[in-house]
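Beneath this line is the structure, given in C-alpha cells, with notes to follow.
What follows is calculated from the coordinates using simple rules that are stated; it is not laboratory data. Treat the numbers as computed from the prediction; the structure is a model and nothing was measured. Cβ atoms come from the backbone with ideal geometry, glycine included; neighbour counts cover every protein chain shown.
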Amino acid sequence: MLYPSVVPRSVRFYTDALGLRLSDYSGEFIAFMHGAHASDHHLLAFAKSDGPGLHHSSWDVASFDDVGLGMQQMLDRGYPDGWGVGRHVIGSNYFRYVMDPWGSFAEYSYDIDFIPADIVWPAADHPPADSIYVWGPPMPDYFIVNHETAARRQKAA
C-alpha cells in the first residue's frame with residue numbers, strides 16, 4: 001500500500017518542528033527541504049514509498065572528484081548499494097547516493113544550488129522526469145522504496 005500523503009506530512013513536520021523550508025518538489029512523489037539560515041538546495045528529501053521515512057540526506061563535498069572518492073570509499077568498506085555518479089536537474093548538482101544500514105540514502109553532492117537566507121525561494125512543482133537526473137546510470141529499482149518499512153515487516157514475520 002502506498003501512503004499518498006506521506007511526503008506532504010513529512011514536509012509539514014520538518015517545517016513546523018525544525019524550521020526547514022520547501023525547496024522544490026514533484027507532486028506528492030518527492031520533496032526537497034533546505035535550512036532557513038542560508039543552505040544548499042536541500043538537506044533532506046522525502047519520497048513517496050510504501051510507508052513513511054526519510055529518503056535521503058544531502059552532504060556537500062568540495063569537488064566533483066570528492067563525489068567519486070566518496071563512492072570509492074564506501075565501495076571499499078563494503079557498501080556497494082547506491083546510485084550515481086550523475087547530475088540532477090533539481091538542485092543542479094553532481095551526485096552519488098550510498099544506502100545506509102537502515103535503507104535510507106546519504107547523497108554526496110557537489111555544485112548544488114545555494115539558497116541565501118535573505119531571499120524567498122519560490123518552491124516549484126517540477127515534472128517527474130526532472131526529479132531524476134540530467135545524466136547518469138539508470139536509477140536502481142530499490143531507490144524509491146522505504147526499506148525501513150520492509151525491514152520491520154521481515155522482523156515481524
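Points worth noting:
- Taking amide H as placed 1.01 Å from N in the peptide plane, Ser58 has its amide H under 5 Å from the amide H of Leu44, Glu107, each at least 5 places away in sequence or on another chain.
- Sequence of Ile119, Ile90 once ranked by neighbouring C-beta atoms within 10 Å, starting from the fewest: Ile119, Ile90
- Each residue of segment 105-112 is assigned a 3J(HN,Hα), and the resulting list reads 10, 10, 9, 6, 10, 10, 6, 7 Hz, derived from the Karplus form 6.51 cos²θ - 1.76 cosθ + 1.60 (θ = phi - 60°), x at Gly and Pro.
- Antiparallel beta bridges, as assigned by DSSP with both residues in segment 24-157, represent about 75 percent of the total such bridges.
- Gaussian network model of the chain, Cα within-10 Å springs - most flexible of Ser58, Ser109, Ser26: Ser26
- Rounded to whole numbers, the Karplus 3J(HN,Hα) couplings from phi for segment 73-87 are 4, 5, 4, 4, 9, x, 10, x, 6, x, 8, x, 8, x, 10 Hz, using 6.51 cos²θ - 1.76 cosθ + 1.60 with θ = phi - 60°, and x at Gly and Pro.
- Listed by Cβ neighbour count within 10 Å, with the fewest neighbours leading, Phe29, Phe143 appear as Phe29, Phe143.
- Of Val134, Val67, Val89, Val61, the sequence from fewest to most neighbouring Cβ atoms within 10 angstrom is Val134, Val89, Val61, Val67.
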